[in-house]
Amino acid sequence: MARVRYGAREAAEVKAAREGSAKLPDIWSTGVVALWESDPDAVAAVLPPPLKPTGRPPG
């Protein structure tokens, strides 16, 4: 039988889910860093005057 994802749960299921989500992961960080480059012409088109796009960031 298929399990209903968004339905009523028994007290034991609710308790187990709460206890399971209360534990911290075994890693030191849970963050994500994303870096992307934009098209210089697209950036220039949306910057208000007197701002101008800069060159490529160092790194």
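The values are calculated or read from the model by the stated rules, or taken from the named source; none is laboratory data. What you see is a predicted model, and the numbers here were worked out from it, not measured in a lab. Protein only, heavy atoms only, side chains kept; ligands, DNA and RNA dropped before computing areas. Shrake-Rupley method; radii C 1.70, N 1.55, O 1.52, S 1.80 Å.
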Task: Single residue of the range 9-22 satisfying the filter (open to solvent by less than 100 Å² (accessible area, probe 1.4 Å) and assigned to a loop (DSSP other than H, G, I, E, B)) that is modelled with the highest pLDDT - done: Arg9
Open item on the list: Yes or no: the range 39-51 includes at least one residue that is of a type in the set (D, E, K, R), within 19 Å of the chain's Cα centre (by Cα) and either assigned to a loop (DSSP other than H, G, I, E, B) or at pLDDT below 85 (or both).
Closed with: no
